[in-house]
Amino acid sequence: MRVPARSFTLLLLALLALQALPGCNPLEPKDPLDCSIRLDRYDDPDWSCRKASDYAGSCIPADDFQALRCLELDASATLCADERPFRMHVYLTTSGVSFDGQGQTLELEGASRPGFRTPYSRTLSDITVKNVKVRKPGKYGVDLKRFFRGEELEDGRALEGHSRITLQKVEIEDSGQIGIYVGQNSREIVIEDVTIKRAFMGIYLEAGTSESRITRALIQDSREREGIAVDSSHHNIIEDSLFVGNGHAINVYKNCGEVSGQVCPIRRPDDASHNIIRRNVFLRDDVNVAWRQFKVYAAGHCEGIDVVGFWRDHAAHNLIEENRFEDALLDVRDAPVKVIRNQFQNSFFTLGATPPSGDPAIEFTGIIEGNRFDPGSRFQFNGSGILFDEGLEFRDNVDTQGKCLLYGNNVCSGGAKR
């Protein structure tokens, strides 16, 4: 339902007036979060795990995991080949180890357990998980969370999350919420040749994740949200992957620092910038850059926002290159940006966002170059919030017949005709 602008303005003024009265802020969190207990509830879980080191020198037989059981990966491990699935979930507790599933299935239907999980309060590195199927995990297929209780080093640098964890040839089906959750400040996470189907969300890159690479993934039918969420994460690469029929394919955005929620707090100081999205195929899906642009947040929800207000989503210096959009959408709401050599088939490419009344328009700069639009596709400026001049360059954007498109200040070379 669309609320008339005058009604929304009156509502906003009323909420601000209530906030000014002692004890009368209707949007203030009612119960301050007790950050001291949040991690203790989860780490370390009482799962009565068998240890991988108990199987040193041999593979792990399915016979030992026909009733639901945890395996603590305190050493490298390999599953034995077996036609039966393993009723196993794996707790990653040690750096420098590997898990080879040899194509076997971890069957977790009804177990309310993740397929793989790291500790939330300790940082791990140099782990490889490969050749395994995870079926019907509880909340997450792979849970690489890392929480810091809001702590930071004295010089202001964020604490380091997990690093150099590789997920290779992992298949995840029907996870309760998220296929792969990459926790705060993770670095150099490699996700390759992974298949995720029928999750609420495919992959989530939490705040501060950087230098991670997702390649040759198939992400299909993420029911409610996106195939990949790039939330306040930067310098990541998503390439050579196929997205089919998700709620969204990829959302790149800077969410606010949440001071209410599951853990306290989630700090998100980084912009979702310098990410590369290239050589992917999007079927009936959309890619959104600065997805939270001008979202309305309630007072008390976001760090540093004490009143009801519109969120300014910073997602700049991202590269969208050599992708194919079929029955899809590319929506870019922040700049500078580069959109280069993409193919649009029966798809839309929109640029811009309309700011709230009284706010300055976003000045768009960047390069829109070498894109090809078929007759069923369309480019358009989205709303009135565009300021573009010579800083936003349109070059060599053509239709399928090679005719130069009359968009913006598009200029074609090489003989393309208008």
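The values are calculated or read from the model by the stated rules, or taken from the named source; none is laboratory data. Please read all numbers here as calculations on a predicted model, not as lab measurements. Glycine gets a Cβ as well: all are built from the backbone with ideal geometry, and neighbour counts include every protein chain shown.
Of everything listed in (1) closer than 18 Å to Ala290 by Cβ; (2) within 24 Å of the chain's Cα centre (by Cα), the single unmet condition for Glu322 is (1). Beta carbons closer than 7 Å, at least 6 apart along the sequence or on distinct chains, pair a first residue in the stretch 334-349 that is farther than 19 Å from Val252 by Cβ with a second that is part of a loop (DSSP other than H, G, I, E, B) and of a type in the set (Ser, Thr, Tyr) for Gln345/Ser377; Asn346/Ser377. Being under 22 Å from Gln104 (Cβ atoms) and under 16 Å from the mean Cα position of the chain (by Cα) is the filter here, so list the residues in the stretch 176-197 that pass it. Gly179, Ile180, Val190, Ile191, Glu192, Val194, Thr195, Ile196, Lys197, listed by residue number. Please verify whether Phe325 is under 22 Å from Leu406 (Cα atoms), modelled with pLDDT of 95 or more, buried (at least 21 other Cβ atoms within 10 Å of the Cβ) and of a type outside the set (A, V, I, L, M), treating the condition exactly as stated. Answer is yes for this residue. If you check Ile320 against the conditions, is it aliphatic (A, V, I, L, M), assigned by TED's automatic domain parsing to the domain that holds Ser222, under 22 Å from His235 (Cα atoms) and at pLDDT 90 or above? It is true that Ile320 is aliphatic (A, V, I, L, M), assigned by TED's automatic domain parsing to the domain that holds Ser222, under 22 Å from His235 (Cα atoms) and at pLDDT 90 or above. In the stretch 264-277 there is at least one residue matching the filter, namely being crowded, with 18+ Cβ neighbours inside 10 Å, in contact with a strand residue (DSSP E or B) (Cβ under 9 Å, 6 or more places away or on another chain), assigned to a strand (DSSP E or B) and modelled with pLDDT of 85 or more. Sub-8 Å Cβ pairs linking a first residue in the stretch 272-301 that is under 16 Å from Asn371 (Cβ atoms) to a second residue that is modelled with pLDDT of 95 or more and among the basic types (Lys, Arg), at least 6 apart or interchain, are Asn280/Arg324; Val281/Arg324; Phe282/Arg324, ordered by first then second residue.
Looking at the stretch 141-186 only, could you name the residues that are of a type in the set (Asp, Glu) and modelled with pLDDT of 95 or more? Asp143, Glu171, Glu173, Asp174 - these are the residues of the stretch 141-186 that are of a type in the set (Asp, Glu) and modelled with pLDDT of 95 or more. Scanning the stretch 239-261 for any residue that is assigned to a loop (DSSP other than H, G, I, E, B), at pLDDT 95 or above and surrounded by fewer than 24 Cβ atoms within 10 Å (Cβ to Cβ) turns up at least one such residue. Only strands (runs of 3 or more DSSP E) whose full extent lies in the stretch 130-233 are considered here, and the ones with at least 3 residues that are surrounded by 24 or more Cβ atoms within 10 Å (Cβ to Cβ) and of a type outside the set (Ser, Thr, Tyr) are 140-144, 163-173, 178-182, 201-205, 226-231. Against the condition in a loop (DSSP other than H, G, I, E, B), surrounded by fewer than 17 Cβ atoms within 10 Å (Cβ to Cβ) and among the polar types (S, T, N, Q), how does Ser58 come out, does it pass? Yes, satisfied. Answer yes or no: is there a residue in the stretch 74-83 that is within 19 Å of Gln168 (Cα to Cα) and crowded, with 21+ Cβ neighbours inside 10 Å. For the stretch 74-83, residues within 19 Å of Gln168 (Cα to Cα) and crowded, with 21+ Cβ neighbours inside 10 Å: present.
Out of everything in the stretch 99-124 that is surrounded by 22 or more Cβ atoms within 10 Å (Cβ to Cβ) and basic (Lys, Arg), what residue ends up being nearest to Cys59 (Cα to Cα)? Here the answer is Arg117.
Out of all the residues in the stretch 198-208, is one or more in contact (Cβ under 8 Å) with a residue 60 or more places away in the chain and out of contact with any Phe, Trp or Tyr (no Cβ under 9 Å at 6 or more places or on another chain)? Taking every residue of the stretch 198-208 in turn, at least one turns out to be in contact (Cβ under 8 Å) with a residue 60 or more places away in the chain and out of contact with any Phe, Trp or Tyr (no Cβ under 9 Å at 6 or more places or on another chain).
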